[in-house]
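Working notes, structure below.
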Amino acid sequence: QTCKHTLTLSLPDKTIHVWADRSRLTRAIYNLIANAVRHTMESSVISLRLIRTATVAIIEVHDPAEPGSRISAGAREEERYLQIVGADASFGFAIARAVARAHGGTLIVGAGDDGGTTAAFSITLRAPDKKTQEFHLSRAKFDYTGGISQELIEMSDVLPIEVFDSINVN
């Protein structure tokens, strides 16, 4: 609401259980939502969807097209992403991609039939092996938020300054 967009959420009928680092997964989702907010017109509807397949869970963020935006079909994944949302979004893309890879998945970005952009990342439904479990263990507890909610930090470049008042500090 603060960004003057509507976010729709579509969830499957059944609960999906995944082996995941909750804070990293949350960070990836917020970065993809921030990219969608940054690159769509006010009052756009951004959709967030969770899909389950036999082997992976897919988290998908879709935003409508800006008038006149198109991408070239033959571009590599990174080039397509930068053409779709602009070079300034590459950091959010890198975060989501790293989180997906750390969870046995991948990130795919593409243009839909409506000319909009869909960023989807998958995470495996399999239980991690011993090596993967060790990778996910936190080495040190570090609060990078400085007492501000993670949502505000991850969306800080698209939120208005008014949301950063003392009410939102933990």
- Item | Total residues in segment 4-33, condition closer than 13 Å to E154 by Cβ and part of a loop (DSSP other than H, G, I, E, B) | 0
- Every pair of residues 6+ apart whose Cβ atoms lie under 8 Å, when the first sits in segment 80-103 and is among the acidic types (D, E) while the second is surrounded by fewer than 22 Cβ atoms within 10 Å (Cβ to Cβ) and at pLDDT 70 or above: D88/R38
- Item | Cβ-Cβ under 7 Å pairs, at least 6 apart or on other chains, segment 105-134 side under 30 Å from P64 (Cβ atoms), far side modelled with pLDDT of 65 or more and aromatic (F, W, Y) | G105/F121; T106/F121; L107/F121
- Tell me, please, whether a residue that is in contact (Cβ under 8 Å) with a residue 24 or more places away in the chain, under 13 Å from E151 (Cβ atoms) and buried (at least 17 other Cβ atoms within 10 Å of the Cβ) can be found in segment 39-60. no
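The values are calculated or read from the model by the stated rules, or taken from the named source; none is laboratory data. None of the values given here were measured: they were computed from a predicted structure. Note: ideal-geometry Cβ built from the backbone for every residue, glycine included; neighbour counts use all protein chains shown.
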